[in-house]
Protein chains: 2
Amino acid sequence: MADTTAERILEEAMTAFGTRGYEATSLDDLAGEIGIRKQTILYWFPSKDALLEAVVDRCADEVTYRLVRGLDGASDGFGRVDAMVRAMFRLAARHPAILGVLREVARLGPPSSTRLLARIEPLIERASAFLQAEMDAGRMQHHEPRLLLLAAYSMVTGMATEVDVLRAFGEEPTLPSLLRRRDELLSLLRAALEP
Amino acid sequence: MADTTAERILEEAMTAFGTRGYEATSLDDLAGEIGIRKQTILYWFPSKDALLEAVVDRCADEVTYRLVRGLDGASDGFGRVDAMVRAMFRLAARHPAILGVLREVARLGPPSSTRLLARIEPLIERASAFLQAEMDAGRMQHHEPRLLLLAAYSMVTGMATEVDVLRAFGEEPTLPSLLRRRDELLSLLRAALEP
DNA sequence: GTCCTTGTCTACCAAATGGTAGACAGACCT
DNA sequence: AGGTCTGTCTACCATTTGGTAGACAAGGAC
């Protein structure tokens with residue numbers, strides 16, 4: 001990764017937007033961190049908005065890739081939910097900024113949020129259908145599938161991104177702590193979902 | 001409310017910071033919405049940062065007030081959790097921007113996040129102790145209390161604030177939808193917590 | 001009436017920011 | 001060698017933004 005200039009810009013922008021935020025990241029700062037000039041960024045991406053769009057697309061691809069692997073897992077019932085949650089936390093551990101971008105984009109609202117969600121919606125649809133089928137087959141307790149997904153999404157992004165809040169709740173942003181949070185979330189979901 | 005100028009500024013700033021975000025709200029815009037000049041804002045609050053601090057304090061007071069009422073409720077076991085969740089959703093329905101401020105402050109990081117969390121930490125401590133006691137008494141399933149609180153917090157703020165995400169999950173930002181989300185969240189928590 | 005305080009406003013300002021115009025150096029083709 | 005294309009840079013620019021200085025009007029205090 002990061003061999004071409006455009007790639008380096010994209011990577012660094014994802015980190016910056018996902019941690020500091022979009023408005024709080026100036027093109028000058030971003031260029032400085034990469035070791036180039038702002039105009040080089042504007043050569044590869046015609047505007048800051050366009051850069052954000054590229055970051056959103058990259059981010060959507062990454063999340064899709066992870067989640068599809070979770071959805072394609074062999075297990076049934078809660079096992080697949082387990083696999084998806086683990087996939088997301090693995091993503092959070094390896095590239096924390098990505099979940100930050102999700103949250104940032106949701107905060108910024110349209111048009112970037114529209115763009116991101118349009119790309120992810122098929123996944124929501126698939127996951128929702130899977131949950132519904134499992135519930136109907138009696139392998140899971142009955143809940144509203146989409147709202148269940150929404151709750152799970154909120155918990156994952158919350159427990160993976162809000163460092164200061166975590167600190168107030170007695171959790172440090174370390175890997176062991178992240179794993180503990182993951183296991184606690186899985187334990188909650190298991191209690192709520194397994195028959 | 002909103003009789004004195006300072007009060008009007010505070011109220012409008014809370015709405016703006018909680019919905020559009022801190023950096024995205026300029027003092028000129030804010031003043032325009034109130035119908036005054038920027039310099040009047042700077043007369044009452046020496047700087048934009050100071051205004052944010054005031055908003056944070058006001059927000060912490062509001063949340064504390066609501067949660068304390070939930071914690072002081074008469075019921076035991078899950079009944080009290082139920083009361084607290086309902087209290088937060090009532091807050092979300094009446095003054096949606098407040099939960100937005102919570103999220104925004106968590107995103108901005110120190111020093112505002114430190115300030116907010118210092119004011120709310122006693123509540124976390126109390127709620128945590130309550131949950132632990134209920135679990136020890138066998139009136140709730142065992143979970144890590146602080147992580148459980150963190151999960152609940154994430155779900156409440158997520159399900160109450162992320163309008164665009166909600167829309168992707170098939171929920172409109174209307175009151176009936178909000179109530180449905182609240183009930184779904186309660187149903188999840190009940191399944192995970194009741195013995 | 002005079003003075004002081006309070007609250008709001010007009011007039012500016014320095015810094016930062018996204019973006020444009022164009023110079024320039026190297027690679028590549030012919 | 002000469003011309004062209006690509007990628008990066010220097011030099012600017014217009015606008016926005018948080019903040020300062022100070023004028024000015026209203027209202028008490030005496």
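The values are calculated or read from the model by the stated rules, or taken from the named source; none is laboratory data. Note that this is a predicted model, so its numbers are computed, not measured. Glycine also receives a Cβ, built like all others from the backbone with ideal geometry; neighbour counts cover every protein chain displayed. Just so you know, the surface numbers come from the protein's heavy atoms only, side chains and all, with ligands and any DNA or RNA stripped out. Shrake-Rupley method; radii C 1.70, N 1.55, O 1.52, S 1.80 Å.
Label points for A:Gly32 are taken 7 Å from Cα along Cα→Cβ. From this copy to the others they lie 3.0 nm apart, shortest first. Taking the longest Cα principal axis of chain B as reference, the axis of helix B:78-94 is set at about 20 degrees. With a 1.4 angstrom probe, the accessible area lost at the B-A interface totals about 3800 Å².
Among the protein heavy atoms, those of B:Asp76 account for about 90 Å² of accessible surface (1.4 Å probe, every chain in place). With respect to chain A, whose longest principal axis is taken over its alpha-carbon atoms, helix A:112-136 is tilted by about 10°.
Using bins of 5 Å that start at zero, the share of Cα-Cα pairs per bin across the range B:5-94 amounts to 3, 13, 21, 18, 12, 10, 9, 7, 4, 2, 0, in whole %. For B:Glu194, the point set 7 Å out from Cα toward Cβ sits 2.0 nm from its twins in the other copies, listed from shortest up.
Averaging over all projection directions, the Cα-based convex hull of the range B:53-193 occupies 8.3 nm² in the image plane.
Just add up the charged neighbours of A:Ser128: K/R +1, D/E -1, any other residue whose Cβ is under 14 Å from the Cβ of A:Ser128. With Lys, Arg at +1 and Asp, Glu at -1, the net is -4.
Across the range A:154-161, rounded Karplus estimates of 3J(HN,Hα) from the backbone phi angles (6.51 cos²θ - 1.76 cosθ + 1.60, θ = phi - 60°) give 4, 5, 4, 5, x, 6, 9, 10 Hz, Gly and Pro being marked x.
Round to a whole angstrom and tell me the spacing of the C-alpha centers of the range B:48-71 and the range A:69-132. Each part's Cα centre sits 32 Å from the other's. Estimated from the Cβ-Cβ distance and a Förster radius of 30 angstrom, the FRET efficiency linking A:Glu194 and B:Glu125 is about 0.45. Dividing the summed -39500 (n - 2.57) terms of all DSSP H runs of n ≥ 4 by the residue count of chain B sets its mean residue ellipticity at 222 nm at -25500 deg cm²/dmol. When Lys and Arg each count +1 and Asp and Glu each count -1, what net charge do the other residues less than 12 Å away from A:Val85, Cβ to Cβ, add up to? Neighbour charge sum, excluding A:Val85 itself: +4. A DSSP coil position with no more than 14 other Cβ atoms inside 10 Å describes the following trypsin sites (Lys or Arg not before Pro) in the range B:21-129: B:Arg37.
In this simple spin-label approximation, A:Leu175 and A:Asp49 carry label points 7 Å from Cα along the Cα→Cβ vector, and these lie 4.2 nm apart.
The alpha-carbon of B:Lys38 sits under 17 angstrom from the alpha-carbons of these lysines, leaving out residues fewer than 8 places away in its chain: B:Lys48. Report, to the nearest 10°, how far helix A:175-193 tilts away from the longest principal axis of the Cα atoms in chain A, using its own Cα long axis and a range of 0 to 90°. The two axes meet at around 40 degrees.
In a DSSP loop and with at most 12 other Cβ atoms within 10 Å, there are no GluC sites (Glu not before Pro) in the range A:34-111.
Accessible area ranking (1.4 Å probe, heavy atoms, ligands and nucleic acids excluded), largest first, for B:Tyr43, B:Tyr22, B:Tyr153: B:Tyr43, B:Tyr153, B:Tyr22. Inter-chain Cβ neighbour count for B:103-116, averaged per residue, equals 4 (cutoff 10 Å, partner chain atoms only).
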